[in-house]
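Encoded as C-alpha cells, the structure appears first; notes follow it.
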Amino acid sequence: MKTMENRRLALLYTMLALPAFIWMVPTLWMVSLSLQPNALLARTTSNTFWGLIPYPLTLDNYVNLLAHGQVHVWFFNSLVVALGMTIGVLVLSTTAGYAFARLNFVGKKTLLVLVLLGLMIPEQAVFIPLYTLFSELGWHNSHHGLIIPRLAVPIGVFIMIQFFRGVTRDVEEAARIDGANTFQIFWHVMLPLARPAMMTVAILTFLYAWNDYLWPLVSAQRTEHFTITLGLASLQSNFAQSEGLGSVMASGVIASMPVVILFLIFQRYVVRAVAVGGSKG
Amino acid sequence: MFEQFKTDLRWAGVRQNLVAWVFLLPFVFVYVAFLIYPFGRGVWISLHDWNLLAVTFNPDAKTFIGLDNYLRLFWGTEMTWRAWARPVLQGLCVLAAVFFVWRYRIGELRWSTLWQCLMVLLLLMFLFGWAPGEGGRWFDRRFWPTVGNTVFFVAMVVPAITIISLLLATALNRETRGAAFLRTLFFLSQVLSVTVVTLIWQMMFSARQGLVANVVREFGGVPLSWLAEPGFAMAAIVIATVWWSIGIAMVLFLAGLQDIPQEMQEAAKLDRANSVQAFWYIILPNLKRTITLVVILQIILHFQVFGQAHLMTQGGPNDQTQVLVRYIYQTAFRDSDLGIASAMAVFLFVIMAVFSAVQFMVSREDEQ
Amino acid sequence: MVNYKDKKAEKVTTMQKTFISMIAATALSAGAVMPAFGTEVTLARFFGSCQDAGTDVSAAVGEACIIQSIINAFDAENDDFDVTTLPTDWGNYYDQIIASYASGNPPDVHVMHRHRIPEYGQIGALADLTDDLMAHGIDPDDWTDSAREAVTWNDRILGVPMDLHANLWHVNMDLMEAAGLVENGQPILPSSPEEMMEHAEMVREATGQYYLAADFSEFEIGVRMVLAFLWQQDSNIFANGTATINTPEARNALELITGLFDGGYANSRTNYADSQQSFLNGEAAVLVNGTWVVDFYAEQAADEDVELTHYYVADFPTLYDEPATWADTHLWAIPASVKRDNPEVYEGALQLLAFINDHNIDWARTGHAAVRESVLNSDEYAALPHRSEYDNTVNIARDTPASARYGAIQDILNREFQAIWLTGKSIDAALSDAEEDVQSQLDR
C-alpha cells in the first residue's frame, strides 16, 4: 500500500515537473538576461541554452542601476507608500471592524449596509473624480496622495468584522469586570487576539500597494515620486532602449525582489490572507 | 430612584454611542470623503462636457449636458431594432439564461430569483437588439467593440484560470515537501507586479529577441510578431494573465479542498475509485461553491484589466486588445474628455455591481 | 500550505525579524536625501534615459545622452540652480504632462512638440517668453522662420525651439550596391510609385532581403509615410475643419504601401525596435525613421559586430508631384504658473533654455536639423557626419494643419492604417471610418 502510494506520488511529480519548469521559464529568463552584457543582448538573446543560462555573466546591469538611475528613489517611494497604506488600513479597519462587530450604536445596520455597498465600487470607477479632487487639494505627487485612496476601500473592515464576531464574549466580560473601559479592552485584549486577522489585512494591503499601477500612473507625474511599479513601466518603454535590455531586466528583478522575499518568508500568512480575503471579498 | 436609573441608562446609551463613534469616525470619514463622495462626483462629471485642461485653467469651462455623454457611448444614428443585431452579446445573455435555469432545475436557485434574473436578461436582450441600420453609425465606433474585447478577454481568461488552478490544487493538495515546493512555485508569479509581468512577456513574445521566437527558429519555423499579429495579440495577453494570476484561484481551491471531509476521500479510495472518478464524483460536487466563488471573483477582477493591454500591445493591432479601463484612461488623460470618460466609468461600475449582486445572491442562497 | 502548520506560523521567526529590520534600514538610508543647494528647477522630457551622461557634451551619442549631458553641464556650471530631470517614457509622456498641468503641479520646464502648441496655447497654459528672451541671450531673429513659427501662438513666443526633425530614408549601401542601385556613391531612390516597386524587386532578387523597413505596428512612423505621400499629391487629411481623408490620393498612398507588403518587400508586423534592429542586421535596404537616430546608426555602422557597414542618409524621395516629408519641432516651454508665481525658478528655467539654445550644434549632432541660422551656416554644422546627404529635408518639411486634437487624430490614423496592413481591413472601409472619426474630433 505504502509503495503504491509512493509510486503514485513519483508519477505525479514527473507529470508536474515539465509544466512546473515551463512555468518558471519566463522568470528564469528575466533573471538570466539581467546577468548578461547589454552589448551581447543587442545582438542575440539566446547565447547559451536559449539565453536561459547567463553566460557570459556580468553584474554591471545591477551596479549601474543602483549607482545611477532613480531605482532606489522609486524603491523608497514604494516602501513608504506600501507601509503607510498598510498601517493606515490596519488602524482604520481594526477600529471600525471592532465597532461594527462589538459595539452598539444608533443606525448600525444602515451604516453597515452602506459600507457593504462600497465593496461594489471598483477603483477604476472613481479614479477620475479622485484625480480632480486631489488636484484641488494639491495632493498629487506625494506619498499621502498615493496612500489615501486605498484607505477608503472597506475590504479590511469586513475581514476584521468577521474576526471580531468570532471572538467569545467571555474575554471581554472578564476584562470589563476587572474595570477596563472599551478602549483598554480594544487595545489590550482584542488587538493582541486579532494578530492573525491583522496579518491577513496587512499582507493583502501591502501586495496591492506594491503592485498598484493605474492610480500612481495618474497621480504621480513626476519621476521622483514614482513607485517602483510605475518607474519600471517607464523604463521598459521602447524609446528607453538606449540603456539596453539587460538593464531593463535587472530593474524588473530589483522591483520584484522585496515582494518575492516577503512572500517566501510570510508564505503561510500570504496564502491564508488570499484564502480569507478572496472568500470574504 | 427609578428616574435616576433611567437617566443612567440613557447616559450609558449616549456614552456607548459616543465611544462607538470614536472608533468609527476615522474610517467613516475616509470612506465618505474618498470613496462615496468621489463616486457621486464621478456621476456628476459624467453629466458635463468637461475638458480636463480647459476646466483646470477656467473652472467655468464645463457645461451641463444631461445624459448626452451616455447617448454618445450607447447610441448612434439610424438606430433600428432587429432580433439578433449583436449576436455575441445577445448569445451571452442566452448562455446566462440557460445557466440560471440549470441552477434552478438542480435546486440551487429559488423560483423568485430565477424569475428576476430572466427578466433582467430579457431586458438586456431587447436593448442589445438596437443597432445602427442602413446608413447609420455608432456615435462612438470604438465603445462597443472595446466592451466586446473586454468580455472576450474575460471569457478566455476566467475558464483557463479556473480549470488550470483547479487541476493543480487537486494534484498538490497533500502534505509532502514536493507538493509544498510546487505550490510555492506556481503561486510565485502572482506576487509580481503588472509591469514586471508585462516586461517579461513582452520580451517573451518579441519576434526578434523573444524566447518563443528563438525556440521556433531553432526548429526551423518563422517566428511571429505575437503582439502585432491579429488574433495572437489577445492570445499573448491572455497567456500572460493566466501565468500571472492562477495563484489566488489555486489557493482558494486548496482552501475549499481542505473543507472536504477526509472520510469521503478515504471512502472513495476503499471503493477503488481511480483518481479521475474521485475527482469527478467527490471533489467537483463538493467544490461547487468554491468554483462559483472563484469564477465570479475572477470575472470582477479581470473585467478591470488595464496594465497588460496598456503596456504590452497599447490596445493594438487595430484596437483588438483595447479594453474598457484603458479606453477610460485614454479618454480622460490623452483626449482630456473627462465627461465621457466618467460616463464609461459609471458603466463599468454598473457591470461590476451586477456581478457583485450575483455573487451576493449566490452566497446568500448557499447559506440558506 | 493552507492551515497545515498554523501554530508555527504564529511565531515571528528570526528571519522575519531580520527582514523587518532590513526594511527599516533601507527606509532610513533612502530617506537621507542629499541636501540641495540653489533653487530647484524641475525638467520633464522624453528621449529616453541616459544614466551616465556626465557633463561632457562632446562625448555623448544619441538623443538621450546628448540632452542629458547638456542639462548636466548647465547644472554643474550654475551654483544658483539645481536642475532635476524627470525623464518620462514616450508612451505616457503627454498623458502625464496633461495630468501634471491639471493637478496644478507641472514641471518648471518641459519639452514638447510644435503640434501640441494649439492645445496648450488656447487655454493659456504656457508662459509668454517674448519679452524675456533677448535679456537672456536668446535671439529669436537667429531662428529659422519655421522654428519661429513653431513656437509662436497668437504672435507671442511660447517656447524655445530646439530642432526640426523629419522622416528620412536610412540606407544600407551594401544592399543597394548589390541590387545595382548605387550611382556615384549615392543611392538611386525611386521617383515614382512604379519605380519604387521595381527597386524593391531588384533588391529582393539580388539580396533576398526586404527593400524597406519601418515601424508599421506601433508608433506613427507608417502614418507619417502616408502623410508624406498625401502631401506629395497636394492632398491633406483635413482643411478648414473638414476631414478629407477618403480621397483617391489617400487610396494611392495606402495601395503603394500595401503593395510593398503584398509583394513581400516589407514586413508590416515590425514595431519600432524590430524595424530598427532589422535594418542594423542588414535585413532591409531602407529604413524609414526620423532624424533622431542618424548619429546612432553611424556609430553602429562603425561597429564591427553590427551587420550594417555602409550607411547613407537620404531625403525622403518624391514619388509624386511635390517634394514633402513629415516633420515636427521639439521645443522647450515653461508653464505660465511658473512665470506668475515663482520668478526665481522662471529665471533659472530661462537660463537653462538659453544654455540649451547655445548648444544647438550639439543637439544637431543627433541628426536633427538645427534651428539657428548661425548654426546652420557654420562649417561645423556642415561637417557633421552625413549632414550633406539630407540637407534638402528642411526645405520639404511639412505637417498636418494645427489642431488642439492633434494627438487623437494621429491615433485615429494610426489605428485605421494598422487595421489595413495588420488585420486586412479594406482600404475603402478604413478611409471612410477614419474620415468620420477625424471629423467628429474636429467637431468637438
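What follows is calculated from the coordinates using simple rules that are stated; it is not laboratory data. Because the structure is predicted, anything quoted here is derived from the model rather than measured. With ideal geometry, Cβ positions are generated from the backbone for all residues, glycine too; neighbour counts draw on all protein chains shown.
Give the cysteines in the protein assembly as shown for which no other Cys Cβ lies under 4.7 Å away, or write none if there are none.
B:CYS93, B:CYS117 - these cysteines have no disulfide-compatible partner (Cβ-Cβ under 4.7 Å) in the protein assembly as shown.
Kindly write out, for segment A:123-133 in residue order, the coupling ³J(HN,Hα) from the Karplus curve 6.51 cos²θ - 1.76 cosθ + 1.60 (θ = phi - 60°), rounded to whole Hz, with x marking Gly and Pro.
Coupling constants for segment A:123-133: 3, 5, 7, 10, 6, 6, x, 4, 4, 5, 4 Hz.
Roughly how many debye, to the nearest 20, is the charge dipole of segment B:27-172 about its Cα centre, given +1 on each Lys and Arg Cβ, -1 on each Asp and Glu Cβ, and no other charges?
On the way: 11 positive and 7 negative charges, 65 e Å.
In total the dipole reaches around 320 debye.
Grab the DSSP H runs of chain C that are 4 residues or longer, score each as -39,500 (n - 2.57), total them, divide by all residues and round the 222 nm result to the nearest 500 deg cm²/dmol. Spell out each step's value before the answer.
Working: 20 runs with 200 residues, N = 444.
Counting only the DSSP helices, I get -13000 deg cm²/dmol.
Once the mean 1/r over all distinct Cα pairs of segment C:268-316 is inverted, what Kirkwood radius in angstroms do you read off?
Details: mean 1/r = 0.0898 Å⁻¹.
So the Kirkwood estimate lands at 11.1 Å.
How long are the three semi-axes of the equivalent ellipsoid for chain C, computed from the Cα gyration tensor as the root of 5 times each eigenvalue, in whole Å, largest first?
Numbers: eigenvalues 306, 181, 128 Å².
Over the Cα atoms of chain C, the semi-axes work out to 39, 30, 25 Å.
Which residue fluctuates most in the GNM of chain B (Cα springs below 10 Å): B:VAL305, B:VAL22, B:VAL191?
B:VAL22
Might you report the magnitude of the Cβ-based charge dipole of segment A:1-160 about its Cα centre, with Lys and Arg at +1 and Asp and Glu at -1, to the nearest 20 debye?
With Lys and Arg at +1 and Asp and Glu at -1, about 620 debye.
State the volume of the convex hull built on the alpha-carbon positions of segment A:126-249, expressed per residue in Å³ and rounded to an integer. If you can, show how the numbers build up before the last one.
Values: hull volume 18.4 nm³, N = 124.
With only Cα atoms used, segment A:126-249 gives 148 Å³ per residue.
I'd like the mean, over residues of B:313-324, of how many other protein chain beta carbons sit within 10 Å of each residue's own Cβ.
On the way: counts 3, 7, 2, 9, 11, 14, 5, 4, 0, 1, 0, 1.
Per-residue shielding by partner chains comes out at 5.
Would you mind telling me which residue in B:ASN274, B:ASN214, B:ASN17 has the biggest mean-square fluctuation in a Gaussian network model of chain B, where springs connect alpha carbons within a distance under 10 angstrom?
B:ASN17
Based on alpha-carbon positions alone, could you give the equivalent ellipsoid semi-axes of chain B from the gyration tensor, as √(5λ), descending, whole Å? Display every interim value, and only then the final one.
Values: eigenvalues 276, 266, 123 Å².
They are 37, 36, 25 Å, listed from largest to smallest.
Share of Cα-Cα pairs in segment B:76-137 beyond 14 Å, in percent? Write down the numbers at each step before the final one.
Numbers: 1127 of 1891 pairs.
Tail of the P(r) past 14 Å holds 60 percent of the pairs.
Hey, which aspartates and glutamates would be in cross-link range of B:LYS288, C-alpha to C-alpha under 16 Å, not counting anything within fewer than 8 residues on its own chain?
Correct list for B:LYS288: B:GLU108, B:ASP259, B:GLU365, B:ASP366, B:GLU367.
Can you tell which of A:TYR269, A:GLN70, A:SER251 lies farthest toward the positive end of the dipole of segment A:69-280, using +1 and -1 charges on the Cβ of basic and acidic side chains (Lys, Arg; Asp, Glu)?
Among A:TYR269, A:GLN70, A:SER251, the one farthest towards the positive end of the dipole of segment A:69-280 is A:TYR269.
Taking the beta-carbon count within 10 Å as an exposure proxy, list B:THR176, B:THR146 from fewest neighbours to most. List each step's numbers first, then the result.
On the way: B:THR176 12, B:THR146 23.
Exposure proxy ranking, most exposed first: B:THR176, B:THR146.
Any idea what angle helix A:267-280 forms with the longest principal axis of chain A, computed on alpha-carbon atoms, 0 to 90 degrees, nearest 10?
Rounded to the nearest ten degrees, it is 60.
How would you order C:125-134, A:3-12 from highest to lowest mean count of nearby Cβ atoms within 10 Å? Intermediate results must be reported in sequence, preceding the final value.
Details: C:125-134: 18.2, A:3-12: 10.8.
Going from most to least packed, we get C:125-134, A:3-12.
Could you pull out every residue, at least 5 positions away or on a different chain, whose amide H is within less than 5 Å of the one on C:LEU212? Hs are placed 1.01 Å off N in the peptide plane, and Pro or chain starts have none.
Residues meeting the criterion, in which the H sits 1.01 Å from N, are C:ALA285, C:VAL286.
Once the Cα atoms of segment C:95-156 are picked out, what are the Rg and Dmax in Å?
Final numbers for Rg and Dmax: 12.7, 36 Å.
List the extent of the Cα atoms of segment B:251-355 along each of their three principal axes, largest first, rounded to whole Å.
Largest to smallest, the principal-axis extents are 67, 29, 17 Å.
Placing +1 on the Cβ of each Lys and Arg and -1 on the Cβ of each Asp and Glu in segment B:76-137, which of B:ALA96, B:LEU109, B:TRP81 has its Cα farthest towards the positive end of the resulting dipole?
Result: B:LEU109.
Starting from the Kirkwood Rh over alpha-carbon pairs, what translational D in µm² s⁻¹ does segment C:291-392 have by Stokes-Einstein at 10 °C and 1.306 mPa s?
Details: Rh = 16.4 Å.
Stokes-Einstein gives a translational diffusion coefficient of 97 µm²/s.
Simple spin-label model, 7 Å along Cα-to-Cβ: C:ASP142 to B:ALA267 in nm?
Each label point is offset 7 Å from its Cα along the Cβ direction, giving 9.2 nm.
Expressed in nm to one decimal, what extension gain is obtained for the pair B:PHE360 and B:ALA61 from 0.36 nm per residue of sequence separation less their Cα-Cα distance?
Working: separation 299, 0.36 × 299 = 107.64 nm, distance 4.19 nm.
Net length gain for the segment: 103.5 nm.
Only bridges with both residues in the protein assembly as shown count here: give the DSSP antiparallel percent, nearest 5. Intermediate results must be reported in sequence, preceding the final value.
On the way: 33 of 47 bridges.
Rounded to the nearest five, the antiparallel share is 70 percent.
How do C:ASP443, C:ASP174, C:ASP399 rank when sorted from fewest to most other Cβ atoms within 10 Å of their own Cβ? Spell out each step's value before the answer.
On the way: C:ASP443 10, C:ASP174 17, C:ASP399 21.
Ordered from fewest to most neighbouring Cβ atoms within 10 Å, C:ASP443, C:ASP174, C:ASP399 come out as C:ASP443, C:ASP174, C:ASP399.
Looking at chain C, send over the antiparallel percent of its DSSP beta bridges, to the nearest 5. Spell out each step's value before the answer.
On the way: 26 of 40 bridges.
Percentage antiparallel, nearest 5: 65.
Using the Cα gyration tensor of segment C:344-418, with a ≥ b ≥ c the square roots of its eigenvalues, what is the shape: rounded (a/c below 1.5), prolate (a/b larger than b/c) or oblate (neither)?
Details: a/c = 2.80, a/b = 1.27, b/c = 2.21.
Verdict is oblate for segment C:344-418.
Can you give the angle from 0 to 90° between the axis of helix C:14-31 and the longest principal axis of chain C, with both taken from C-alpha atoms, to the nearest 10?
80 degrees
Under 13 Å from the 7 Å Cα→Cβ point of C:THR309, by amide nitrogen: which residues of segment C:143-174?
Within reach of a label on C:THR309: C:173-174.
Other chains near A:74-85: what is the mean number of their Cβ atoms within 10 Å of each residue's Cβ?
Mean shielding count: 2.
So what is the relative contact order of chain A, in percent, for Cα pairs below 8 Å that sit 6 or more residues apart?
Working: 274 pairs, mean separation 87.4, N = 281.
Computed value for chain A: 31 percent relative contact order.
Taking every residue in B:285-296, how many Cβ atoms of other protein chains lie within 10 Å of its Cβ, on average?
Values: counts 0, 0, 0, 0, 1, 2, 0, 0, 3, 2, 0, 0.
Averaged over the peptide's residues, the number is 1.
For B:ALA235 and A:THR3, what is the calculated FRET efficiency with R₀ set at 45 Å and r taken between the beta-carbons, to the nearest 0.05? Provide the component values of the computation, followed by the final result.
Numbers: r = 44 Å, r/R0 = 0.97.
So the FRET efficiency works out to roughly 0.55.
At 4 °C and 1.567 mPa s, what whole-number value in µm²/s does Stokes-Einstein give for the translational diffusion of the protein assembly as shown, with Rh from the Kirkwood sum over Cα pairs?
Numbers: Rh = 31.8 Å.
The estimated diffusion coefficient comes to 41 µm²/s.
Between C:ALA302 and C:GLU380, what is the spin-label point distance in nm, taking each point 7 Å from the Cα along the Cα→C-beta axis?
Simple spin-label model gives 1.8 nm for this pair.
Taking each pair of different alpha-carbon atoms in segment A:102-182 once, compute 1/r for the pair, average those values, and report the inverse of that mean as the Kirkwood hydrodynamic radius in Å to one decimal.
Numbers: mean 1/r = 0.0630 Å⁻¹.
Radius from the Kirkwood sum: 15.9 Å.
Kindly list the residues of segment A:85-116 that lie in the label zone of A:GLU173, defined by a backbone N under 20 Å from the point 7 Å along the Cα-to-C-beta vector.
A:101-104
So if I place +1 on the C-beta of Lys and Arg and -1 on the C-beta of Asp and Glu, and nothing else carries charge, what would the dipole magnitude of the protein assembly as shown be about its Cα centre? I want it in debye, nearest 20. Please list the in-between numbers first.
Values: 66 positive and 104 negative charges, 1711 e Å.
Roughly 8220 debye for the protein assembly as shown.
How large is ³J(HN,Hα) for each residue in segment C:279-287, as worked out from phi by the Karplus curve 6.51 cos²θ - 1.76 cosθ + 1.60 (θ = phi - 60°), to whole Hz, x for Gly and Pro?
So the Karplus estimates, Gly and Pro as x, are 5, 5, 7, x, 9, 8, 6, 10, 10 Hz.
Each label point is 7 Å from the Cα along the Cα-to-Cβ direction; what then is the distance between the points at B:GLN277 and B:PHE181, in nm?
3.3 nm
What is the Rg over Rh value, at two decimals, for segment A:69-280, using alpha-carbon atoms and the Kirkwood definition of Rh?
Details: Rg = 19.9 Å, Rh = 19.1 Å.
Result: Rg/Rh = 1.05.
I need the phi-derived Karplus couplings for segment B:100-109: 6.51 cos²θ - 1.76 cosθ + 1.60, θ = phi - 60°, integer Hz, Gly and Pro marked x.
5, 4, 4, 5, 5, 4, 8, x, 9, 9
Please report C:ASP163, C:ASP262 as a ranked list, fewest other C-beta atoms within 10 angstrom at the top and most at the bottom.
Exposure proxy ranking, most exposed first: C:ASP262, C:ASP163.
Amide H neighbours of C:ASN289 under 5 Å, counting only residues 5+ apart in sequence or on other chains, H built in-plane at 1.01 Å?
C:LEU168, C:HIS170
Subtracting the Cα-Cα distance from 0.36 nm times the residue separation, let me have the gained length for A:ALA180 to A:LEU193 in nm, one decimal. Intermediate results must be reported in sequence, preceding the final value.
Numbers: separation 13, 0.36 × 13 = 4.68 nm, distance 1.64 nm.
That works out to 3.0 nm of additional length.
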